1. At residue 147 and residue 243, where each label point lies 7 Å from the Cα along Cα→Cβ, what is the point-to-point distance in nanometres?
2. If I model a spin label at residue 208 and residue 361 as a point 7 Å from the Cα along the Cα→Cβ vector, what separation in nanometres do I get?
3. For residue 128 and residue 91, compute 0.36 nm times the residue count separating them, minus their Cα-Cα distance, and round to one decimal in nm.
4. Determine the order of 79, 316 by accessible area, beginning with the largest, at a probe radius of 1.4 Å.
5. Please give the net charge around residue 322, taking every other residue with its beta carbon less than 12 angstrom from that of residue 322, where Lys and Arg add +1 and Asp and Glu add -1.
6. Taking the Cα centre as origin and putting +1 on Lys and Arg beta-carbons and -1 on Asp and Glu beta-carbons, what dipole magnitude results for the chain, to the nearest 20 debye?
7. Please give the FRET efficiency for residue 53 paired with residue 198, using the beta carbon to beta carbon distance and R0 = 35 Å, rounded to the nearest 0.05.
8. May I ask which of 189/357; 217/253; 189/217 have a Cα-Cα span longer than 23 Å here?
Amino acid sequence: MSSSKYQISPALDALIQAAYRGPLEETPWQTFLNDFREAVNGNYATLILRPPREGDAGVVLNAIVMSPHIFNSYNDTYFSMDPFVNLPPGEVFTVSEFVGEEEFFNSDYYREYITPSDVRHIMGADLVGPDGLTARLRITRPKARDNFGEADKSLCRQLLPHLEQAIELHSRILRTESERAFYEDAIDKLSMGVVILDGNARVLRKNHAAERLLAEKRGIQQVAGALQVGDSQENRAFRACLEEVMDAHRQFKPGFVRAFRVADRGSMTGLGLLVRPLPPIEGSDGSSNPTAAILVSDPYQPRQAPSDILIELFGFTPAESKLALRLVNGLTLDEASSELGISRNTAKSHLSSVFSKTGVARQTQLIQLILNSVATFGGDS
């Protein structure tokens, strides 16, 4: 069987590659939109990932932005007047085919928005992904050029399945990033530092809590891109611990865990580190890049919980909520009353009410109850 039936031209191959690289670009699909616009001799190219609607500017990507005013005027006003929408998914039309030239050229949308942009011809297609994601691809030509022909539409049809898959990948990447950011924020709320290291202890990623700890240099710091733990003797011991974890990574033992303690020169307790391998992800050559996660709890980072969250969860008054939060952060009743500017008797009255509402009888139980609740995930107080 001849292989020629599977061959595509270098120009088409470049467009397909640009479609799949789109999600990785700083401004997604800029290369693809520019290359496709040039391939069909257009003057503007637009990919609408989320159409604008009232109160929502949507996600509109342009190869060339005519001016901020024109761009914003579509998102703010003219999107609701656009007649070239809701095309049958996966099919390619010109605006004259779908709307009709007379109706389109006589519309307020054409006279007020299209004409000042030096646009007369529009070719477009709508895409609908398996998860319900919709997108619109639109290419335009000025008055001085002919309308889009069958060859232009044929090229667009060939690209649509690739663009649709690339948009689906983009959606999944954004979803994964959103979930990662949520979990990272949750870990931050627990004052838990997380540092991702490679086999040479180089820092690959770190969350905000870890950034605070590293900046304070309380037992751990980042030196020349690598994590340094304690003094030279402690750091050598940590590197040996890290190598054990990396060996476990290479042997596909994600449950392997090591604990490490480092002196914190600013306290009597020191810092506790938990070192464990991340699940291995094989490369295309079958190799696996060893990585490990370092978990560091900061016992001196105050726990935060919005007063309104404590009020909703436990029925506290605002004054009771403020007192409870200070007790959670290690203050005595006298220290909390002094910080709040209330008398000790008033503080005792608030605490008695808090005990009654939560069903506990001791401060230690109250602290455990609040720390084990969802209150600390609610944000800063």
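The values are calculated or read from the model by the stated rules, or taken from the named source; none is laboratory data. These figures come from a predicted structure and were not determined experimentally. Reconstructed Cβ throughout: ideal geometry from the backbone, glycine too, with neighbour counts over all protein chains shown. The accessibility values were calculated without ligands, DNA or RNA, using every heavy atom of the protein model including side chains. Shrake-Rupley method; radii C 1.70, N 1.55, O 1.52, S 1.80 Å.
1. 7.4 nm
2. 4.0 nm
3. 12.2 nm
4. Output order, biggest surface exposure first: 79, 316.
5. That sum, taken over residues with Cβ under 12 Å, equals -2.
6. In total the dipole reaches around 1600 debye.
7. It comes to 0.20.
8. As for pairs spanning more than 23 Å Cα to Cα, those are 189/357; 217/253.
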